[in-house]
Structure formats: C-alpha cells, structure tokens
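Reviewing the structure listed below.
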Amino acid sequence: MNNAYNWYSQLIRPSWSPPSWLFGPVWTFLYVLIAISFGKVFWMLFEKKISFMIALPFVLNLFFNFIFTYIQFGLKNNLLAGIDILLVLGTLIWAMVAIFPYAKWITYIQIPYLLWVSFATILQLTITYLNLSSN
C-alpha cells in the first residue's frame, strides 16, 4: 500500500485537489449512508416490494465503487479509474431515479454521495488528463 501511496503522491493533481486525509472521513460517512439505504433496497427486494431491475443499479454501483480503489491504487491505471468513476456516477443516478417511486427518502439520502461522486469524477478525470503522458 505504501508503494501505491508513493505512486499517487507523484501524480500531477489540480490545485483544488483535497488533502488525502479528507477521503477517509468522507467515505466513512458516505458508507454509513450507503449501508442504510442500500440495505433497505436489498430488504425491499427480499420482501418482493421491488423487482430486481430496481435493485440492479444499486448492485452495479457497489461493484464499481469497490473496484475503484483496486483499479486506481492496485493497477495504478488512471484511465480505467476514470472510466470506473463514470460508471459509479452513472449507476448512482440510475439508482436514485429507479428507487424514487418506491422510497423517496432513499433517493434523498443519496444526495451527499451524489455530490461527492460528482466531485470525485471531475477530480479523477482531471488527474487522468494531467497525467496522460506518464501513463
């Protein structure tokens, strides 16, 4: 992991890039919201209150969210990480729209996640662009 941190610290990042210590607290807060809301979605699916197609974007979002760290820091691939973060953002928007008719509060509780992922998408795409020549 230290090797991955050294690699990331050597990347060209925009001046508005947040300090690395901020990511842990932000993601801890977001993962609590995700656990509550996604847990409710999967419970609704289990109780057959929603179809699998309503839960599908939540499943995909978790998958793309969890593989981001491996792509970024394990594979050290900014381009794939950029594609992945776009998939995280896209599946999150899809999930918010899909669940809204069934449980509006689940959509509303995703707003902090949406704001952070939107910012993270812009950040990742900027880092990817700034480091194209070093990939």
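The values are calculated or read from the model by the stated rules, or taken from the named source; none is laboratory data. Since the structure is predicted, the reported quantities are computational estimates derived from the model, not experimental observations. Glycine also receives a Cβ, built like all others from the backbone with ideal geometry; neighbour counts cover every protein chain displayed.
K76 is checked against (1) assigned to a helix (DSSP H, G or I); (2) under 29 Å from N6 (Cα atoms) and fails just one. What number does that condition carry? Single failed check for K76: (1). If only residues of the range 101-135 that are within 22 Å of L33 (Cα to Cα) and over 16 Å from the mean Cα position of the chain (by Cα) are counted, the one that is surrounded by the most Cβ atoms within 10 Å (Cβ to Cβ) is I106. For the range 1-40, how many residues meet the condition of being surrounded by 14 or more Cβ atoms within 10 Å (Cβ to Cβ), closer than 17 Å to L114 by Cβ and among the small types (G, A, S)? Final tally of qualifying residues: 1. Checking each residue in the range 80-100 for being surrounded by 19 or more Cβ atoms within 10 Å (Cβ to Cβ), within 16 Å of F38 (Cβ to Cβ) and β-branched (V, I, T) picks out V88, T91, I99. Taking the range 39-51 as the range and being free of Cβ contacts under 8 Å to residues at least 12 places away in the same chain and outside any helix (DSSP H, G or I) as the test, the residues that pass are E47, K48, S51. Selection of first residues in the range 6-19 that are closer than 17 Å to L132 by Cα and of second residues that are exposed (fewer than 10 other Cβ atoms within 10 Å of the Cβ) and not acidic (D, E), restricted to Cβ pairs under 8 Å at least 6 apart or on distinct chains, gives the following pairs, ordered by first then second residue: L11/S134; I12/S134.
Of the residues I36, I54, I83, the single one that is in a helix (DSSP H, G or I), at pLDDT 95 or above and under 20 Å from I12 (Cα atoms) is I83.
The set of residues in the range 112-135 being among the hydrophobic types (A, V, I, L, M, F, W, C) and either touching a residue at least 24 places away in the same chain (Cβ under 8 Å) or in contact with a Leu (Cβ under 9 Å, 6 or more places away or on another chain) (or both) consists of L114, W116, V117, A120, L123, L125, I127, L130, L132.
N65 meets each of the listed conditions (1) of a type outside the set (S, T, Y); (2) without any contact (Cβ under 8 Å) to a residue 60 or more places away in the chain; (3) surrounded by fewer than 18 Cβ atoms within 10 Å (Cβ to Cβ) apart from (3). Here is the figure for the range 78-95: residues that are under 9 Å from the mean Cα position of the chain (by Cα) and of a type in the set (A, V, I, L, M, F, W, C) total 6.
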